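Participant: Take a look at this one; I'll ask things after.
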Amino acid sequence: MRSMDRLLAVFAAIALLLPAAVFAAAPATVEAVQSPAWRDRGGVTVPLAPGMELKSGDVLRTGPGARAYLMLAEGSRVKLGETAQFTVYSQSLRPERSFRGALDIVAGAFRFTTGKLKKTLPRELAIRVGTATIGIRGTDIWGKTDKDGDLVALIQGRIEIARAGQTTELAQAMSYFDAPTGKAAEVKPLDLETFVKLARQTEILAGDGAARAKGKGRILVATAASEQAALELYDRIREAGFPVRILPRATEGGGWSYELRLAGYADATEAEAAAAVVQARTGLKPVVGR
């Protein structure tokens, strides 16, 4: 069986797997989140948070202006742009040693970069971008799918793309596969200016307001005087795509108040940027650094 046919078979088989396997390591972990973003699993939706471990079949969604970085167990990084929908599939019992799986980009932009220290790791991975399926080797690619069609850019490495019964090989760095809806696909050169514009759609820059697992910056989103009020705020904020936590505080009168907090920001600048988004999406007035 040709390599591309095998990868297509891998994608079809893994995508149909029931999440019954027990993994020694998670197939992927959330590295950074510029909220709002969510994870759907088994009919339950929770806001995406740094450090969250992902299971095979998890669906990730990002909201307007959002970004998310994921680290696959085998060392590669996936970057998601705004309004993206993404699913990771894996049937590897030890994905950190030998990764066999598939990534499905249903909507939005992404970037996949092979881990520099693990290029020789056993890996059988297919990536589907809309109507195109990509077989990868050690590489750096950017892609997007929307109502206008599918686009896959090869930044470094080599890939094979299967679409509409045809296979196209991209072996020239800084070239891209352009497949407009209802039209034949073409391979075109990728100039630096266009690449920079594409990359920004999936990149988290300083000052964007992203949270990471080791960030120390905090945001006080709201305070509630009762447990019931705190839980109502908790649900409201999390449904909006922010991984808020409740912190009970004893009051001088012997009662309790409840603080709803976000954490994980590198500094006050990041926290301020995130607080502005929280306020715009919830109508609350967060306070940074408290």
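The values are calculated or read from the model by the stated rules, or taken from the named source; none is laboratory data. Quick caveat: nothing in here was measured; it's all calculated off a predicted structure. With ideal geometry, Cβ positions are generated from the backbone for all residues, glycine too; neighbour counts draw on all protein chains shown.
Participant: In the list GLY81, GLY115, which residue meets the criterion of being at pLDDT below 85 and of a type in the set (Gly, Ala, Ser)?
Facilitator: That would be GLY115, the only listed residue that is at pLDDT below 85 and of a type in the set (Gly, Ala, Ser).
Participant: Just wondering, is there one or more residues in region 190-209 that are over 20 Å from ALA32 (Cβ atoms) and of a type in the set (Ser, Thr, Tyr)?
Facilitator: Yes, the conditions are met somewhere in region 190-209.
Participant: Inside region 160-184, can you point out the residues that are in a loop (DSSP other than H, G, I, E, B) and over 19 Å from THR139 (Cβ atoms)?
Facilitator: Matches in region 160-184: ALA164, GLY165, THR181, GLY182, LYS183, ALA184.
Participant: Among the candidates LEU260, LEU220, LEU198, LEU205, which residue alone is assigned to a loop (DSSP other than H, G, I, E, B) and under 26 Å from the mean Cα position of the chain (by Cα)?
Facilitator: Sole residue among the options that is assigned to a loop (DSSP other than H, G, I, E, B) and under 26 Å from the mean Cα position of the chain (by Cα): LEU205.
Participant: Here is a check on your reading of the model: is ALA230 in contact (Cβ under 8 Å) with a residue 24 or more places away in the chain, farther than 18 Å from ALA37 by Cα and surrounded by fewer than 20 Cβ atoms within 10 Å (Cβ to Cβ)? Lay out the reasoning, then the answer.
Facilitator: Working: in contact (Cβ under 8 Å) with a residue 24 or more places away in the chain: yes; farther than 18 Å from ALA37 by Cα: yes; surrounded by fewer than 20 Cβ atoms within 10 Å (Cβ to Cβ): no.
Judged against the criteria, ALA230 is not a match.
Participant: Let me ask something additional. Among ALA206, ALA274, which is modelled with pLDDT of 95 or more, among the small types (Gly, Ala, Ser), touching a Ser or Thr at 6+ places or on another chain (Cβ under 9 Å) and buried (at least 19 other Cβ atoms within 10 Å of the Cβ)?
Facilitator: So the residue among ALA206, ALA274 that is modelled with pLDDT of 95 or more, among the small types (Gly, Ala, Ser), touching a Ser or Thr at 6+ places or on another chain (Cβ under 9 Å) and buried (at least 19 other Cβ atoms within 10 Å of the Cβ) is ALA274.
Participant: Related question: Scan region 275-289 and tell me whether some residue there is part of a helix (DSSP H, G or I), touching a residue at least 24 places away in the same chain (Cβ under 8 Å) and basic (Lys, Arg).
Facilitator: Among the residues of region 275-289, at least one is part of a helix (DSSP H, G or I), touching a residue at least 24 places away in the same chain (Cβ under 8 Å) and basic (Lys, Arg), which makes the answer yes.
Participant: Using the structure shown, decide if ILE246 is of a type in the set (Val, Ile, Thr) and either farther than 27 Å from VAL33 by Cβ or out of contact with any helix residue (DSSP H, G or I) (no Cβ under 8 Å at 6 or more places or on another chain) (or both).
Facilitator: No: the conditions fail for ILE246.
Participant: I'm trying to understand the selection: among the residues of region 248-279, which are farther than 18 Å from GLY215 by Cα and among the hydroxyl-bearing types (Ser, Thr, Tyr)?
Facilitator: Of everything in region 248-279, those that are farther than 18 Å from GLY215 by Cα and among the hydroxyl-bearing types (Ser, Thr, Tyr) turn out to be THR251, SER257, TYR258.
Participant: Scan region 190-203 and tell me whether some residue there is more than 25 Å from ALA84 (Cβ to Cβ) and either in contact with a Ser or Thr (Cβ under 9 Å, 6 or more places away or on another chain) or outside the structural domain of LYS79 (by TED's automatic domain parsing) (or both).
Facilitator: Checked against the condition, which is being more than 25 Å from ALA84 (Cβ to Cβ) and either in contact with a Ser or Thr (Cβ under 9 Å, 6 or more places away or on another chain) or outside the structural domain of LYS79 (by TED's automatic domain parsing) (or both), region 190-203 yields no hits at all.
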